[in-house]
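One structure below.
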Amino acid sequence: MSQHQYPSHQRPTVPERASLDGLEGKWDRAWSAQGTYVFKLGTAREDVFSIDTPPPTVSGSLHVGHVFSYTHTDIIARFQRMCGKEVFYPMGWDDNGLPTERRVQNYYGVRCEPSLPYDPDFTPPLEGGKGKNATSQQVPVSRQSFVELCEKLSTEDEKQFEAAWRHLGLSIDWTQTYQTIDHHSRATSQLAFLRNLARGEAYQRLAPTLWDVTFRTAVAQAELVDRDQTGAYHRIGFRLTDGQPAADTDTDTGAGQRVYIETTRPELLPACVALVAHPSDERYQDLFGKHVEVPLFGTEVPVVPHRLATPDKGSGIAMVCTFGDVTDVIWWREMHLPTRAILGWDGRILPEPPMGVDSDRGQAAYKELAGLTVYSAQKRVTEMLRESGDMEGEPKPITHPVKFFEKGEKPLEIIPTRQWYLSNGGTDQELRARLLERGNELTWYPDFMRVRYQNWVEGLTSDWLISRQRFFGVPFPVWYPVDQFGHPIHDRPILPREDQLPVDPASDTPDGYKPEQRGKPGGFIGDPDVMDTWATSSLTPQIATHWRDDPDLYESTFPMDLRPQAQDIIRTWLFSAVVRADLEQHSLPFHNAAISGFILDPDRKKMSKSKGNVVTPMALLDQHGSDAVRYWAASARLGTDAAFEPGQMKVGRRLAIKILNASKFALSFLAASGSGAALTLDPADVTEPLDSAMLAALETVIETATQALANYDHTRALEATESFFWTFCDDYIELVKSRAHGAAGPQAAASAQTALGLALSVLLRLFAPFQPFATEEVWSWWHDDSIHRQPWPVPAELRAGSSAPGDPRILAVAGAVLGALRKAKSEAKMSMRTEITAATVAVPADLTAPAVAAKADVMAAGRTAELTLAASDTEAVELIFAELTQP
RNA sequence: GGGCCGUUGGCGCAGGGGUAGCGCGCUUCCUUGACACGGAAGAGGUCACUGGUUCAAAUCCAGUACGGCCCACCA
């Protein structure tokens, strides 16, 4: 920016009437035709500003929150573009994952069945199906067909999103788009995975896994939410079986001493592998090392000490099951307890009892539960405990937090399964430290959001589970050899070459095999799983910049400059992107993160579809106009939740209209005067003190706005610009009106006209990121090219050479004196056109000279024939006396 | 249980050691040739509470209350 350009101007052609109506369509078409926002390939990295736009879920609906946060990003994009950066502003569509899977199922009446071969001529049974259709009615289709249908449907959805974004005035480069399920994204995702695998960052493990029984898939830590659930403590007695004389504490039965535990999950009794208490818990010292018998099922389990047992929870001694919760997993792992899994993938009790439930009585009891859901099993077990007398008292109802998949409706279970993991610092302390350092390296707007990242990284308990037992998504690019018994050999994966990507192992055949060997002994089998949707979304910087296949574009755009996103996905999208870039590029994926808040409805609740308080963005844009809606969005700071407020939109609309009208007026002088098409606005022509004062004040506004926008503080920039603009309209324009018309001679008129032109040129550019339509409309009256590719204003363009700046106090005090004169008329309930024959206004002593400098303009604007400016020792300008005459 | 934000006129917000600011709304007035989708002038607040630091606290510190969000091992 060393060689800063000033815009050149033409003699304006001002319309009779100015209106906001239809500007969105008009300018969207013009920008599209002119390629105003198209990224220039081959730009050097230092001249590029690249943005990792959040890909909206196209199967979801567009909502006001999108408008809000995407506007914040666009303001920065427009500012950077005007500052001379070539802005890389692509658009992605997220059509990967469960929401799309469900939408495609319902819309086309199909379901994905990866084992089917691809049929290129497939036509879906439905088109435009709404609501749910039963699984039984859905026609199974191959994964490739499903992906094709998804792409087709997404294309329809994308059109609506694109139309809305264009209407809103987002300066996106529509030639740079991607879909998270498209060929390029799948290839990128698989390529990154293969690299992770080669470096040992991705690995498979058979381990207890958080499992959603509805979707029948594993889920990751990042997808968990706690929800309060009602449950009940069941107090259950376990009988000591060894080394203990018949207890006198349990005279009822006369049997061995009983140990009471309290559990909310009695149905897991057959999965019990131990009882655990805190090592220092005096009550249980004698029991450590001894064994007890599990009621009903007869399994013998040890009583063991562990630091994670909480003495004041329940009875202080807990039963360890495989697996009731994540603490069970820790106990099981650390104390090398056996595994007695009793839950299947569908969340029902497995048909066969686990090892250890050997007695006839135990097997009979288990048979009662086999095939039941956990809910029914719990009821049955409770009945059985009641009958056998092993339960003391009745269950005590409680409310407690339970882990759920964020999209799920039933509590998660923990089931041992084989899964793919990716290192994310959950187990590797060195990596964790490095990722924490990345969080420090990243610049956060606002800064306090960094803490959420830190909290999350510090709280990780395991690596990132990236495999999902779903059908739709990016498949793992992996096959396995099949041994002579027909079993896959998991530790000898067969991988594709990078140039073969993307592959679908369910339909593609690995090199060296024939398709008919699929699933056969001695043949091969594809990995059945797909990747977590975040495993692909975490790569949006690499996808958008074409890391995989366009080194030139990648070099000039990666790492990206800006990641704008919502605060709720710091732990998922942002963190996972940092992980991937750290592992692959050894850098941050982006330098700055701008975090937008949520939209709250008037009741201060987060807006959401389920509450029915969502306003559709298009209706909003139509009603208020895009510049108005953008104004509302722009008036909320990053990281701060904002109220949905139509009032702010009205203010924004008023501002846009004012920009049109004030410009029309100011430019009318320049249209009328002089000759020739070119218009020269030379600051040297600004000779009147009031005019220089106004320009001096504007210089400060430029500085404030520029600095604010460079720091992603759009609200401050808007506030400074807007506040100046209203003074400019209400005071300055009124003050110079008659002089600009020539009342004080040609030179004084030229001074006002030039100052109006210079100020307008700057103000329009300052407003351009916020109000792209109104400013572009006005700009078109005196320019051929778009305002959005103009140089951002600098103070120097308002001053001739090395001349001293004007004194901004002149404008301030002139406005105050004019206000005093207006007050006289207002209090007399008279029109502003009323003549004042004589008036005296008290002016603070140090402001008398500045006031005198603008006296002629003040008298003209106030229609005052005789004005006395009396020096006073008060701090404010005050009307002392005025004599009014009716016109 | 831990953490992060916030609490300023009826509403939405800014400010941040030295007489409280903006916008909406409200009141009164003005159909003035840029704008009635306008303009002018007003009324309205002991800046959540309690202590402390200071010559001086809405502002800094500590604590409390309330609201929101994030995280946390479901016995």
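The values are calculated or read from the model by the stated rules, or taken from the named source; none is laboratory data. Bear in mind the structure is a predicted one, so any value in this text is a computation, not a measurement. As a convention, Cβ positions derive from the backbone with ideal geometry for all residues, glycine included, and neighbour counts pool all protein chains shown. For the accessible areas, the whole protein counts, side chains as well, though only heavy atoms, and no ligand, DNA or RNA atoms are used. Shrake-Rupley method; radii C 1.70, N 1.55, O 1.52, S 1.80 Å.
For A:ASP447, neighbours were defined as the other residues whose beta-carbon sits under 14 Å from its Cβ, and their charges (Lys and Arg +1, Asp and Glu -1) total +1. With all protein chains kept in place, the per residue accessible area of segment A:346-474 amounts to 50 square angstrom at a probe of 1.4 angstrom. Once Lys and Arg get +1 and Asp and Glu get -1 on their Cβ, which of A:PRO120, A:THR57, A:VAL104 lies farthest toward the positive end of the dipole of segment A:34-154? Among A:PRO120, A:THR57, A:VAL104, the one farthest towards the positive end of the dipole of segment A:34-154 is A:THR57. Inter-label distance, A:ASP360 to A:LYS855: 12.1 nm, where each label sits 7 Å from its Cα along the C-beta direction. Think of chain A as having a plus end and a minus end, set by charges on the Cβ of Lys, Arg, Asp and Glu; of A:GLY647, A:VAL794, A:ILE525, A:GLY647 sits farthest toward the positive end of this dipole. Protein heavy-atom surface of segment A:413-485, 1.4 angstrom probe: 51% of the accessible area is carbon and sulfur, with nucleic acids and ligands not counted. Element breakdown for segment A:655-745 at a 1.4 angstrom probe: carbon and sulfur atoms account for 49% of the accessible area. Take every Cα pair under 8 Å whose residues are at least 6 apart in sequence, average their separation, divide by the length of segment A:817-887, and the relative contact order is 49 percent. Most simply put, chain A has about 65% antiparallel DSSP beta bridges, counting only bridges with both residues inside it. Of the chymotrypsin sites (Phe, Trp or Tyr not before Pro) in segment A:705-743, not one is in a loop by DSSP (not H, G, I, E or B) with at most 10 other beta carbons within 10 Å. The packing ranking, built from the mean of other Cβ atoms within 10 Å per residue, places the peptides A:523-531, A:701-709 in the order A:523-531, A:701-709, highest first. Accessible surface of segment A:249-377, 1.4 Å probe: 52 percent of it comes from carbon and sulfur atoms. Full extension of the chain between A:SER115 and A:SER376 gives 90.6 nm of extra length, using 0.36 nm per residue less the Cα-Cα distance.
Accessible surface calculations at 1.4 Å, restricted to protein heavy atoms, place segment A:130-184 at 44 Å² per residue. Relative contact order of segment A:132-238: 10 percent, from C-alpha pairs under 8 Å at least 6 residues apart in sequence.
Other residues whose C-beta falls under 11 angstrom from the C-beta of A:VAL276 contribute a net charge of -2, scoring Lys and Arg +1 and Asp and Glu -1. How would you classify segment A:777-846 from its alpha-carbon gyration tensor, with a ≥ b ≥ c the square roots of the eigenvalues: rounded for a/c under 1.5, else prolate if a/b is greater than b/c, otherwise oblate? Verdict is oblate for segment A:777-846.
For segment A:196-344, the per residue solvent-accessible surface stands at 42 Å², with DNA, RNA and ligands left out and a 1.4 Å probe.
Taking 0.36 nm per residue of separation and subtracting the current Cα-Cα distance, fully stretching the chain between A:HIS741 and A:ALA870 would add 43.5 nm. Taking the DSSP bridge list for segment A:273-327 and keeping only pairs wholly inside it, about 70 percent are antiparallel. Remark: segment A:647-695 carries a charge dipole of roughly 620 debye about the Cα centre, counting +1 on each Lys and Arg Cβ and -1 on each Asp and Glu Cβ. Accessible area per residue was computed with a 1.4 Å probe on protein heavy atoms; A:VAL482 scores about 10 Å².
Label sites at A:GLU282 and A:ALA30, each approximated as a point 7 angstrom past Cα along Cα to Cβ, lie 8.6 nm apart. If R0 equals 41 Å, the separation of the Cβ atoms of A:ALA341 and A:VAL451 corresponds to a calculated FRET efficiency of about 0.60.
So for chain A, considering every pair of alpha-carbon atoms, how many percent are separated by more than 44 Å? That fraction is 47 percent. Once C-alpha pairs closer than 8 Å and six or more residues apart are averaged by separation and normalised to the residue number of chain A, the relative contact order reads 15 percent. Per-residue ellipticity at 222 nm, computed for chain A from helices alone with -39500 (n - 2.57) per DSSP H run of at least four residues, works out to -11500 deg cm²/dmol. Think of chain A as a dipole: +1 on every Lys or Arg Cβ, -1 on every Asp or Glu Cβ, centred on the Cα centre; then among A:TYR480, A:ALA755, A:MET832, A:MET832 lies furthest on the positive end.
Taken about its Cα centre, segment A:1-122 carries a charge dipole of roughly 540 debye when the Cβ of each Lys and Arg holds +1 and the Cβ of each Asp and Glu holds -1. Counting charges near A:PRO397 (Lys, Arg +1; Asp, Glu -1) among other residues having Cβ under 15 Å from its Cβ returns a value of +1.
Exactly which GluC sites (Glu not before Pro) in segment A:81-181 are in a DSSP loop and have at most 15 other Cβ atoms within 10 Å? Counting only loop positions with at most 15 other Cβ atoms within 10 Å, the GluC sites (Glu not before Pro) in segment A:81-181 are A:GLU127.
Multiply the residue gap between A:ILE398 and A:ASP228 by 0.36 nm, knock off their C-alpha separation, and tell me the result in nm, one decimal place.
Working: separation 170, 0.36 × 170 = 61.20 nm, distance 1.00 nm.
Value of the extension gain: 60.2 nm.
Note that segment A:168-179 has calculated 3J(HN,Hα) couplings of 6, x, 6, 8, 6, 8, 6, 8, 10, 10, 8, 10 Hz, one per residue in order, obtained from phi through the Karplus relation 6.51 cos²θ - 1.76 cosθ + 1.60 (θ = phi - 60°); glycine and proline are x. Cross-link partners for A:LYS152 among the aspartates and glutamates, with Cα-Cα distance under 12 Å and sequence neighbours closer than 8 places in the same chain left out: A:ASP95, A:GLU127, A:ASP182.
About its Cα centre, chain A has a charge dipole of approximately 1280 debye under the convention of +1 per Lys or Arg Cβ and -1 per Asp or Glu Cβ, with nothing else charged.
For a 22 Å ceiling on Cα separation, which of these pairs sit above it: A:LYS825/A:LYS855; A:LYS737/A:LYS825; A:LYS26/A:LYS159; A:LYS130/A:LYS159; A:LYS650/A:LYS823; A:LYS130/A:LYS403?
A:LYS650/A:LYS823; A:LYS130/A:LYS403
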